[in-house]
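Notes follow once the structure below has been shown.
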Amino acid sequence: MKQFYYSILILCVVTVFRTETFAQNYFEANASGIYSSNGKTPFWNQANQNGIIPSNSPSFFAIGSLHSDFKRDSSGNYSQLLDWGYGVTGGAVVSEDGIKGVLPVAYLKAKIWEIEIAAGRVRQLTGLTGDSSLTSGSYSLSGNALPVPGFHIAVPEFRPLRFTKGWVALKGGYSERFMGNNYIRYNDAGNISNTMLHSKSVTLKIGNENYFPFKIIAGANHQVIWGGNPDIYDELLIKSSIGTYKNVIL
């Protein structure tokens, strides 16, 4: 006999307050609730929410966001050579597991010419990305989990290389993130502390915007989980050292 499972979902979202000033300063607060008859939150309601929405139902969450972005002119271009911004998103989640505070975003950032520098816990797309609004996000960093804290230096948007007369544009980034403790899967007692995630990417776009009917886009991602202070199986782990970091980069 086949068994059929069904789910009735009730989703309530109330925007408490929202204000925006030409996409530079932005504040929003909202409260939401989810009830599902089978006790599970549908995947599409959890996807790309940075770990805020719990997998169990019913649940209630209140979230507030405050952001200040780099200033742009009326045509959408950066209006200042030097600029800075910040972002904070946090709140509380109530579910069958109790009340939990969440802080998925907290960062400071600065812009120097076309280069962006950021530190903290920030939502970030890395390298070639499919559809960031659905589940097919970046290869190494999932929007379904809390962002990993760290810092990054990036050229986040395609910028033409002047000596190519507009035929080649480049974007890329370099980052270090602090993952904390990790579990060694091949040994029950193997916990390793203070691990890090090294990540870098570069993407090229070939094709003149005015004369070329199509564009060629190619890029590369490189990620390494490294470092830590292992107590066992030293020969199987990558220790923290200057020499190790050189090997990680190269």
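Cross-link partners for Lys111 among the lysines, with Cα-Cα distance under 21 Å and sequence neighbours closer than 8 places in the same chain left out: Lys71, Lys171, Lys200. A simple spin-label model places pseudo-atoms 7 Å from Cα toward Cβ; at Leu250 and Asn181 they are separated by 3.5 nm.
Packing-wise, with mean Cβ within 10 Å as the measure, how do 195-201, 155-161 rank, highest first? Kindly include the intermediate steps, with their values, before the conclusion.
On the way: 195-201: 20.7, 155-161: 14.1.
Averaged packing, sorted descending, gives the order 195-201, 155-161.
Restricting segment 66-116 to GluC sites (Glu not before Pro) that sit in a DSSP loop and have at most 10 other Cβ atoms within 10 Å of their own Cβ leaves Glu96. Residues Tyr86, Tyr211, Tyr35, sorted by accessible area with the largest first, give Tyr211, Tyr35, Tyr86 [1.4 Å probe; ligands and nucleic acids excluded].
The values are calculated or read from the model by the stated rules, or taken from the named source; none is laboratory data. Computed from a predicted model, the values in this text were never measured in an experiment. Neighbour counts run over all protein chains shown; Cβ positions are idealised from the backbone, glycine included. With ligands, DNA and RNA removed, areas are computed over all heavy atoms of the protein, side chains included. Shrake-Rupley method; radii C 1.70, N 1.55, O 1.52, S 1.80 Å.
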